[in-house]
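Every read-out reported here was derived from the displayed coordinates using simple, explicitly stated rules and does not represent laboratory data. Predicted model only: the values in this text are computed from it and were never measured. Using ideal geometry, Cβ is built from the backbone for each residue, glycine included, and neighbour counts are taken over all protein chains shown.
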Amino acid sequence: MLFLCKICPVKAIKVDVNTEFPSIIVERCIGCGSCYQACSPAAITYRSSITEFKELIASGVKVAAVCDPAISGEFHDITDYRKFVQMIRNLGFAFVAEVSLELT
Ligand code: SF4
């Protein structure tokens, strides 16, 4: 039997009674952090990639930021997307694209 956790706004956490732990359906997760904040036994951990990012930018190679469209919900005070793109470029990214961009 399969249950979906109510804390997740996109139903990305499934609980299968046949397994020992809940799991996250990665394709659905929007990274809102609700499960991280709600998990009282602190069973969910956050893995930061900031160190790897800084090393990559410092290496001098051109790095592209590929953003999920959901990120606009994280910065609802930014009404002009160009400011958002410039913010990301100021971090050191050479290119900024939305994940659904098709390169032909
Ligand atoms: S981060 Fe948000 S969307 Fe992702 S699994 Fe947790 S509650 Fe669901």
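Nearest 5 is fine: what % of DSSP beta bridges in the chain come out antiparallel, could you say?
Roughly 55 percent of the DSSP beta bridges within the chain come out antiparallel.
Given R₀ = 35 Å, what would the calculated FRET efficiency be for Ala94 paired with Glu27, taking r from the Cβ atoms and rounding to 0.05?
0.80
Treating only the Cβ of Lys, Arg, Asp and Glu as charged (+1, +1, -1, -1), what charge dipole size does the chain show about its Cα centre? Round to the nearest 20 debye. Could the numbers behind the result be given before it?
Working: 10 positive and 11 negative charges, 23 e Å.
Roughly 120 debye, rounded to the nearest 20.
Which of the peptides 5-13, 66-74 is most tightly packed, and how do the rest follow, judged by the mean count of other Cβ atoms within 10 Å per residue?
5-13, 66-74
Do any chymotrypsin sites (Phe, Trp or Tyr not before Pro) in the range 1-46 lie in a DSSP loop with no more than 16 other beta carbon atoms within 10 Å, and if so, which?
Answer in residue order: Tyr46.
If I fit a long axis through the Cα atoms of helix 81-90 and take the longest principal axis of the Cα atoms of the chain, what angle between them do I get, 0 to 90°, rounded to 10?
80
With an 8 Å Cα cut-off and a minimum separation of 6 or more residues, compute the relative contact order for the range 50-98 in percent.
RCO, the range 50-98: 53 percent.
Apply the Karplus parameterisation 6.51 cos²θ - 1.76 cosθ + 1.60, with θ equal to phi minus 60°, to every residue of the range 93-104 and state each ³J(HN,Hα) to the nearest whole Hz, in sequence, with x for glycine and proline.
Going residue by residue, I get 6, 7, 9, 9, 9, 8, 4, 8, 4, 9, 9, 10 Hz, with x marking Gly and Pro.
Measure off 7 Å from each Cα along the Cα-to-Cβ vector at Lys11 and Ile71, then give the distance between these two points in nanometres to one decimal.
Between Lys11 and Ile71, the label points sit 2.8 nm apart.
Could you tell me the relative contact order of the chain? Use alpha-carbon pairs under 8 Å, at least six residues apart, and round to a whole percent.
Here the relative contact order equals 18 percent.
So what's the back-of-envelope 222 nm ellipticity for the chain, counting only DSSP H runs of four-plus at -39500 (n - 2.57) apiece and dividing by all residues, rounded to 500?
Result for the chain, helices only: -6000 deg cm²/dmol.
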